1. Roughly what would the spin-label model give for C:T92 and B:A112, points 7 Å off Cα along C-beta, in nm?
2. Using alpha-carbon pairs under 8 Å, 6+ residues apart, how would you state the relative contact order of segment B:1-145 in percent?
3. Kindly state, as a whole number, the per residue volume in cubic angstrom of the convex hull around the alpha carbon atoms of the protein assembly as shown.
4. Any idea how far the Cα center of segment B:229-289 sits from the one of segment D:245-292, in Å?
5. Among rounded, prolate and oblate, which fits segment A:1-142 when a ≥ b ≥ c are the square roots of the eigenvalues of its C-alpha gyration tensor, a/c under 1.5 means rounded, and a/b larger than b/c means prolate?
6. Where the label is 7 Å out from Cα toward Cβ, how close does D:E59 come to the same position in every other copy, in nm, shortest first?
7. What total accessible area, in Å², is buried where chains B and C meet, using a 1.4 Å probe and rounding to the nearest 100?
8. For chain C, modelled as a Gaussian network with Cα springs under 10 Å, which listed residue fluctuates most, C:T68, C:T172, C:T242?
Number of protein chains: 4
Amino acid sequence: MSKIPVGILGATGAVGQRFIQLLADHPWFEVVEVAASDRSAGKAYREACTWRLAGAPPESVAGLGVTTCDGPFRSKLLFSGLDSSVAGEVETALAGKGHAVVSNSRNHRMDADVPLLIPEVNPDHLEAIAVQRKRTGGGYIVTNPNCSVVGLAMALAPLHRAFGVEAVGVVTLQALSGAGHPGVASMDIADNVIPFIGGGEEEKIESEPCKILGALRDGAFAPAGMTISASVHRVDVTDGHTMACFVRLQRKAGPEEAARVLAAFRGEPQERKLPSAPERPIEVLTANDRPQPRLDRDRGKGMTVSVGRIRSDALLGLRFEALVHNTIRGAAGVAILNAELLQARGLLP
Amino acid sequence: MSKIPVGILGATGAVGQRFIQLLADHPWFEVVEVAASDRSAGKAYREACTWRLAGAPPESVAGLGVTTCDGPFRSKLLFSGLDSSVAGEVETALAGKGHAVVSNSRNHRMDADVPLLIPEVNPDHLEAIAVQRKRTGGGYIVTNPNCSVVGLAMALAPLHRAFGVEAVGVVTLQALSGAGHPGVASMDIADNVIPFIGGGEEEKIESEPCKILGALRDGAFAPAGMTISASVHRVDVTDGHTMACFVRLQRKAGPEEAARVLAAFRGEPQERKLPSAPERPIEVLTANDRPQPRLDRDRGKGMTVSVGRIRSDALLGLRFEALVHNTIRGAAGVAILNAELLQARGLLP
Amino acid sequence: MSKIPVGILGATGAVGQRFIQLLADHPWFEVVEVAASDRSAGKAYREACTWRLAGAPPESVAGLGVTTCDGPFRSKLLFSGLDSSVAGEVETALAGKGHAVVSNSRNHRMDADVPLLIPEVNPDHLEAIAVQRKRTGGGYIVTNPNCSVVGLAMALAPLHRAFGVEAVGVVTLQALSGAGHPGVASMDIADNVIPFIGGGEEEKIESEPCKILGALRDGAFAPAGMTISASVHRVDVTDGHTMACFVRLQRKAGPEEAARVLAAFRGEPQERKLPSAPERPIEVLTANDRPQPRLDRDRGKGMTVSVGRIRSDALLGLRFEALVHNTIRGAAGVAILNAELLQARGLLP
Amino acid sequence: MSKIPVGILGATGAVGQRFIQLLADHPWFEVVEVAASDRSAGKAYREACTWRLAGAPPESVAGLGVTTCDGPFRSKLLFSGLDSSVAGEVETALAGKGHAVVSNSRNHRMDADVPLLIPEVNPDHLEAIAVQRKRTGGGYIVTNPNCSVVGLAMALAPLHRAFGVEAVGVVTLQALSGAGHPGVASMDIADNVIPFIGGGEEEKIESEPCKILGALRDGAFAPAGMTISASVHRVDVTDGHTMACFVRLQRKAGPEEAARVLAAFRGEPQERKLPSAPERPIEVLTANDRPQPRLDRDRGKGMTVSVGRIRSDALLGLRFEALVHNTIRGAAGVAILNAELLQARGLLP
C-alpha cells in the first residue's frame, strides 16, 4: 500500500525539522514536499537546511527541492511549522485551496471554527471541521496547542472529567528548544534562569486550556470556566518543559484518587492504536523526585506526559509536577497524531 | 580599636568557607579560631580545607590551626556553619558555656526561645535572648532561616505589615550551592531539573516564615497565621534562588502599591548602618524579565533581595518573582548581619 | 533458538546499568543474573538499583534478585562493570572458575595475556585467550580500553595501518558520565572546566593505545612504538568525549588521504555483521564545526566514532577532532561487541 | 586633579559594556562620551543599551546621550569595542583626527605601524606610535590581541625570554562571552562542545603571538620565528578561556624551572604601579586540578593569567594549562592597561 504524500511548511525551521525526523519511517505518511522561505526555495533540502537535531536529515528528504509556501502542492495533507509572522495568511490560503493544514503555529488556534486539538482530550472538536469546510469549500486547518499547554491540558483533562477543575496555578520551567533557533542567546541563560518568555506565553497558557477542555455546542466552542494563572521561566535544559501545578477541584479528590484517574487516562488514539499514540498518554511516577526532563521526557517516544509528586495542597487542594517533551508531544508529535486521527476518521481530503 | 575575635564552627564546609570569605576584611570582626570535624583538627586550615570559592582563603585564616568543635574557644562570638547532623548538640553545649552562637544550621530554628532572625524583619525577636539566658546562664543561640525562606520572608515582610498576608504559594528554582558540597551529582542535574530537595525543604519554607513574621508576646513566639504552599526545584545554576510567588492579602493592593511598599522597605540595619547592611534590602526591578540569578544575585554585595514582575494574579490577587543570593543573604551573610545587630544592640557577651 | 544467558557484575553501577539497557533486546544474549555489592545482594534489582538512565530498567531485569559477585553463576558469559577497587580479584577468581569475563574495568587491561580489545582494531589479540586458558584451566578475561582510548585508538588504527603513527598529542574534553555516579559534584563543574581527571586518566591514554595497536607475537604483546601525550579536561556535557588530536605519521599523508582511509575503515564486526556493529565504525564529517557531542554521539547507536576537521598541522603534520560516546562505544557497548565477537569466533565457554 | 575624559566606541556592545563597567571608578579616566550605531544614537545610554553584565550601568554613564562614531569627540582618548565590520575605517578616521584610539578590534592588529600591545610583554612596541604619527599627523591606534592570544602570549613571554620558544601547540576551551551578544545560540551549546570558532580564531592565535613576541627594529616589526598550532573549542562556560599548551623550547627547561620563570614574571605596569596592573601578571597554581575558569578567572580582578599543571611533555618538552579572563585581561581590561601605559609614558595626545 502506498503511503499518503505530505508536505512540510517551514521545513527548515526547528519544528519543521522535528516533523521530518518524526515522519522518517512513518507507516502512513511520506514527506514528498518541503517548503520554506524564499531564501531557501530552489535549493536541495540538505543545502537549504542547517540540521540541528542529532545526526543528519533522512536521505529521502535531504534530496528534495525546497519550494516556497504558496504552492501548488500535490499533497493534500500539509504540516505547518511556520513562524507565526507568516503562518496566518499562508495557512488560510492553503485551506482555501483544499488542503488539510495541520498546524503547530499559534495564529489560528483560537479561531471560532478551528479545532485546538489533542487527540486524547478533545477529539469531538473535530466536528468544527465541517463548519470550516462550509466556509472554505473543502480545505481546513487543525491546530495543536502551545507546547506547555499540551502537557498541562493533558494532565488536567482526566481530572476535569472526573472532578471538575475550577482553578489552576502553574509555574513552568521551560526548555531552550521551545524558543526555536537561534532562540535564547547562550550568554543570557548560562548559569541563569529567565523568569519570562515572550510571545504571550503566559496568556496562551491561561487561555488555550479553556478552549481545549471546553465543549463544542451547535458548532461553536464554549470554553471551560476555569481560572488559570501562569508564571513562566526559561531554564538551561535542552528539551522538556517541567510544570509545577496547583489545582482546585469542584469535587474534592485526594492524591491517590487523582493518581488513579491520571494513570487510567486513555483516549481515541489508544483505542484506534494510532501509529504515534503512546500506550499510556500519562504516566504517573511515584519516586519523590520525578518527573525530571532528562530522564522522563522520552517516555512513550516523547509522546507520554509524566506526572509525579501528586500531593495535597494547602491552598488549592491538589498539587503535582508535570513534564512534557515540548518539541514532540508539545509540537510536531502531537500534530502528527492529529493527522493520524484525521486519517483514521476519514477526514483527510 | 581592636576587632572582636570570632570563631567559625564547621569552618571547612561550604557555609564555613563563605563565613571566612565574607569576614575577610570585616571592620568589626576578626576570625581567630576555626573548628571542624576530628578529621580536620590538628591541621592548618589551608591543608584541612579544600577551598571551593573563587581564589584562595585569606592568608590570615589559612595559617590558623583547626580545632574540634567542643572548644574551649576564647572567642565569645561563634558563627556556626555546622552540618545539621551535629549542630544541635554542639551549639547547645557552647551556648551553655557562655558563647553567643550565631548559627545557620536548622536544628534550633524552631526552638521556643531561639530567635529565627532577619535583622530587617524581626529584630524585636532578639528579646527571646533574655529568656534563653535564664536557661543557659549567659550564652545563647541566634539562628537565621533557611536560604529560600530568607528571601521569601523579606519579600513578604513589608506586604504583611502594610496589607496582611493571608496565603502564599511559592515555587522555587534553587541553585546548586544550596546543597553544599558535594551536594548534587553533576550527572543528576546536567541538562535537567530536579523537582525535589531533601531535608524537608518544602516543610521549612511552609513553616519558618510564620515564626519570622509572627509576634513575640510575653517571651513566647506567636506565629503569623498565614498558609504557605511550597514546591521546590533544583536547577543548574551556581548561586541564587529564584522564587515564583503568589500572595493573597487581607487588604487588597494592586501591583503598583505593592511595588511601592517593597521598594520603600528599610529596617534597623539600614538605620544603624551596620557594615553588612545593603542600602536597600529589597530592590524592585521593572524590566519584564528580571530578576535573574546571574545578573541580580550580587546586588547589594549579595545582601539585597530582588523582586520583579509584580503583577495581579487571577488566583490569589498578587504575584511576583523574588531572588535571593542563597549563600550570602540566604546563609553566611545574614548570619553576619545578625551578629552585627547583636553587637550594635550591646547583646554580645 | 534460546538466547545465551549472561550475568552482569556491578549491575547497579553506571556501567552496569548501561549493560542492562543495551542488552535489553539483544538478539543473542539475555541477562539472567545480576550481581553487585553486599549492600545490594538479596534485593530485587529494581529496589537495589537507583536507575539513572532515561526511563526505567527493563521489566525482565527489574525483577531479578541481586546476588554477590562471588557466584556461583550459571551464565558462562559475565559482563563486568565492577569498580576497579574490587574488579581485579573478583574477575580473576571468576575466570578461574571457567567463566568468560568480558570486563570494562581497568585492572587487567595491561596483563600480559589479557586482550585489550576493540573488535574492529585488534581482533587477532584474541589469540591471547589460549595463553590465558592454559593458566586458568578454561575461563578467561577480555577487557576493553578506557573510554577515551576506545575513540582515540579507533581513529588511529586506520592511520597506523596505512601510514604508521609515530607520535600523538591528544587533548580531551570529557563528559560527566565518564566519572560514574556520583562522580563530579555539580558545584565543581557548573560554569566551569576541570583540567584534570583522577585515576591515572592521562597515563591510560598514553599507554593503552600502544598495546591495542601493537602486535601479538608468539603469545606476547609487543606494543606499538608510538609516543602519546595526553592532557585531559572534564567539561559540563552529559555524554560524549571530544578529543583534539595531533598526529605525526611515518609516511606523510594529507587531510584528504587521511579522510579517505578513516572513512573506509571496516573490521571483522562489519564483515560478520555482529548485532552491535555499526555500519561504519568511523564516520568522517565534513562540516567545519563537527563533531559535537550532543549532535554526533548517537551515530551508529552510539557505536560510531565521529571524526572531523581533518586538516594539516604545522607541528605534527595532521590534526583532527574525534568524538566517542563514552558509555556506549567507550564502555558497555564495546564490551558487548567484544562478547559478540567471542561468540562469533566460537570462543565462548 | 580632574580626570582625563574618554569616549567609548561601540559603547552598547559586549566589549563596550565591559569598558564602562571597568572604568566606573577609574582613578585617571572618566567616561564622558559614548558612541554606537545610528540605531542607538540620540538616545540616553540607559535606553540605547541592554545591559548584560551584572547589576546596572553606572549612573554617571547611564544618563549620557549616545552619539554616532564619526564624532566629533572632545575626548582625546577613545576606547574602541567596535565590531570588526566597521572598526577598520572608523578607527583610521579618528586617528586621522588626532585621537589616540585604544582598540580591542582586530582590524588594525597586524598593521605595519600599529602596536599589538600587552603592557607587560612588549611595551617597547609603543615606539611604533612615532611612525604612525608621521603618517596621521598626530593621532594613532594601539590595539590589544585576541582574547585567547592575550593569555597565551603572556604565558609564553617569560618562557621565550628565558629559554626561547620554538614551537607551540594550543588547544582552547573558550567561554561564551568571547562571542559577544547574541553570540552562540543556547540550543547549539547546551550539553555540547563546538570544536570551531568563526572569524579566523585559529589563524589569529597562530599569528598574533609572533608579532607580540617579536622585535621592533628600525620602526618595523620582526615577528618571532615560532610555529604555533591552534585548535579551538567553544564550551558552555560564561567567562574564562582555558588553554592546554605544549611548548618546545630552544634551551630545555624542566617544569620547576619553567614555573619559577613564570611566577617571577613582572613588567612595566607592575613597576609603574598602573591602576589596572595586577600585582602578579601570572599566577602559578600548584594544585593538580587548576586553573579552572569559575575559580580562577577573577584573580587579580580578572587581570592575572593563571598557569597550572606545568609538567614535562613527551612530544614538545613542556606542557601546562593557562587561563585568562577573556573579557577583562583578554579584552577591555588589557585595553585600559594599554591606555594607562600610554598616559604614564606621556604618549596621550
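The values are calculated or read from the model by the stated rules, or taken from the named source; none is laboratory data. Because the structure is predicted, anything quoted here is derived from the model rather than measured. No Cβ is skipped: glycine too gets one built from the backbone with ideal geometry, and neighbour counts run over all protein chains shown. Just the protein is used for accessible areas: all its heavy atoms, side chains included, with ligands, DNA and RNA removed. Shrake-Rupley method; radii C 1.70, N 1.55, O 1.52, S 1.80 Å.
1. If labels sit at C:T92 and B:A112, their model points lie 6.4 nm apart.
2. Values: 303 pairs, mean separation 31.4, N = 145.
Relative contact order for segment B:1-145 comes out at 22 percent.
3. Values: hull volume 263.7 nm³, N = 1396.
It is 189 Å³ per residue.
4. 45
5. Working: a/c = 1.79, a/b = 1.57, b/c = 1.14.
Prolate is the answer for segment A:1-142, as a/c is 1.5 or above and a/b outweighs b/c.
6. 3.6, 6.8, 6.9
7. Working: alone 14540 and 14540 Å², together 27870 Å².
Looking at B and C, the buried total is near 1200 Å².
8. Answer for the Gaussian network model of chain C: C:T68.
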